[in-house]
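The values are calculated or read from the model by the stated rules, or taken from the named source; none is laboratory data. Values in this document were obtained by computation on a predicted structure and should not be read as measured data. Cβ sites come from the backbone with ideal geometry, for glycine too, and all protein chains shown count toward neighbours.
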């Protein structure tokens, strides 16, 4: 069994994960086992999941099923044909998001990098360039705090912090090329996809969140950076939360609301819209950093 | 539960024009709707609704795995909808690896199949994709033609299996177990009121003749072209010059060589004849 730490949680796990040195006390066990066809008290159901108080079940046909219980255990039932890397990739997504809800962390759909000792979150829906922007900022010397999922909560003093997440970025072939690197130098995230694990320098302690940029694309020239204010911030946090459709069903609503309010108060939030298909991601990073400094 | 109406078409066949009309009809305002605010319903191949309704991130899945889950996503969308959704679709009507239709009858009220003379589709599709006409000719005749299936980057949309232009039309005309209303682009121009009224009814809407007339007027080609020139159109391909091009019938005569036109006619003769685009071996439009 491997021991590792991710998002401030120490895992004992049958599946190797891209984390860092663990604490002595185990918080969560990940093991292979049998996952029931349904959970007892379904309060929210989607095309691939069931959620209830303290329980979450996910099934991907022909690949794997996952059961996440009480914030302390993940059971994985893998299909015989599924490659171990496929299971690892899928485990790092939705199951971890559900686990974080159960452990009272908001799993934001975002990457985060360190700028001047604070966390800057780069959020947005799939295919809007989050990881590519984070990778470019990393190349310029900014440490990566997390990719894909950022675990956010208020610390003992009430400061909203981002916990150190995975120690790798997952980048598509085109994004690796944009960094001036060769995809062949990296391991694929799963054999069927041209998506690669790119190791990065990362932090070991949580950092206070200072700003969140929500990426979007448009068909016009130039960048558009607009502040998100008041209730728009709370709405944005919800839409950018992994599992926004089932968090209520798991009983995670009150924590999410409290933390969203704290985040809305402490963190600057902006929408950064850039031309779809732009080759120069560096220009996006320039715009982001310039805005941050202003 | 509000079953979905699919607005299905091969690309560049009047789908956006019809959605503009529908948005104007449902909005019922004197001013034409902003073309960047159509919101008739997301395209069926969009990532975000899939991610919301599965709880997954589609970018971690293969295209075949996505297709296995898509029918369940559309069922969830229909179950949770307060109003009937009118969702654009460019996929052919196909089955996934489990032999399940991508667009399940249980989630569906019906479909409007928008179709256009392939001779006019070819130059328009080429312009849309910033490619030459020869590329579009190949696409229209390629049984393996897909959209958004490049494996090296994360596309904003899922792979959409199209097949040839004839395959696409045949799939929507002959396969679905739900009602499919065929609407020709040419009839939207030449017999607008009757055609839009028929399509409106197929969308499950009972708007009056006057409302339909006014919505047609607010959705004119000149209006959408003017708006695109003024503020751009979010649905345009990044590399393409513009989304709205000529909006004319028969402009293929200025864009295709005789050899190119003959190839399309030869390849698609049966379906062209069936849809009234070919009579006695000659193009109707």
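Conditions tested, residue by residue: (1) under 23 Å from residue A:127 (Cα atoms); (2) within 14 Å of chain B (Cβ to nearest Cβ); (3) within 16 Å of the chain's Cα centre (by Cα).
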position: A:161; (1), (2), (3): no, no, yes
position: A:166; (1), (2), (3): yes, yes, yes
position: A:170; (1), (2), (3): yes, yes, yes
position: A:189; (1), (2), (3): yes, yes, yes
position: A:197; (1), (2), (3): yes, yes, yes
position: A:201; (1), (2), (3): no, no, no
position: A:221; (1), (2), (3): yes, yes, no
position: A:244; (1), (2), (3): yes, yes, yes
- Name every residue in the range A:134-160 that is touching a residue at least 12 places away in the same chain (Cβ under 8 Å) and in a loop (DSSP other than H, G, I, E, B), in order of residue number. A:140, A:142, A:143, A:147, A:148, A:155, A:158, A:159
- Are any of the residues in the range A:35-44 in a strand (DSSP E or B), out of contact with any helix residue (DSSP H, G or I) (no Cβ under 6 Å at 6 or more places or on another chain), within 10 Å of chain B (Cβ to nearest Cβ) and touching a residue at least 24 places away in the same chain (Cβ under 8 Å)? yes
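Against the definition (away from chain A (no Cβ under 14 Å), modelled with pLDDT of 95 or more and exposed (fewer than 14 other Cβ atoms within 10 Å of the Cβ)), how does residue B:254 come out, yes or no? Can you show your working first?
On the way: away from chain A (no Cβ under 14 Å): yes; modelled with pLDDT of 95 or more: no; exposed (fewer than 14 other Cβ atoms within 10 Å of the Cβ): yes.
The answer is no for residue B:254.
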- Could you please let me know if residue B:87 is under 27 Å from residue B:58 (Cα atoms) and in a strand (DSSP E or B)? yes
- From the set of residues in the range A:82-95 that are more than 8 Å from chain B (Cβ to nearest Cβ) and either out of contact with any strand residue (DSSP E or B) (no Cβ under 6 Å at 6 or more places or on another chain) or in contact (Cβ under 8 Å) with a residue 60 or more places away in the chain (or both), which is surrounded by the fewest Cβ atoms within 10 Å (Cβ to Cβ)? A:84
- Are any of the residues in the range A:45-57 more than 27 Å from residue B:66 (Cβ to Cβ) and touching a residue at least 40 places away in the same chain (Cβ under 8 Å)? yes
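Is there a residue being assigned to a helix (DSSP H, G or I), without any contact (Cβ under 8 Å) to a residue 12 or more places away in the chain and either touching a helix residue (DSSP H, G or I) at 6+ places or on another chain (Cβ under 9 Å) or surrounded by fewer than 21 Cβ atoms within 10 Å (Cβ to Cβ) (or both) anywhere in the range B:103-112? Walk me through it before giving the result.
Restricting attention to the range B:103-112, the residues satisfying the condition of being assigned to a helix (DSSP H, G or I) are B:105-107.
Next, from what is left, pick out any that are without any contact (Cβ under 8 Å) to a residue 12 or more places away in the chain: none.
Within the range B:103-112 (the criterion being assigned to a helix (DSSP H, G or I), without any contact (Cβ under 8 Å) to a residue 12 or more places away in the chain and either touching a helix residue (DSSP H, G or I) at 6+ places or on another chain (Cβ under 9 Å) or surrounded by fewer than 21 Cβ atoms within 10 Å (Cβ to Cβ) (or both)), the answer is no, since none of the residues qualifies.
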- May I ask you to verify whether residue B:59 is within 12 Å of chain A (Cβ to nearest Cβ), assigned to a loop (DSSP other than H, G, I, E, B) and over 15 Å from residue A:62 (Cα atoms)? no
- Query: Checking residue B:128 against (1) free of Cβ contacts under 8 Å to residues at least 12 places away in the same chain; (2) within 14 Å of chain A (Cβ to nearest Cβ); (3) out of contact with any helix residue (DSSP H, G or I) (no Cβ under 8 Å at 6 or more places or on another chain), which single condition isn't satisfied?
  - Reply: (1)
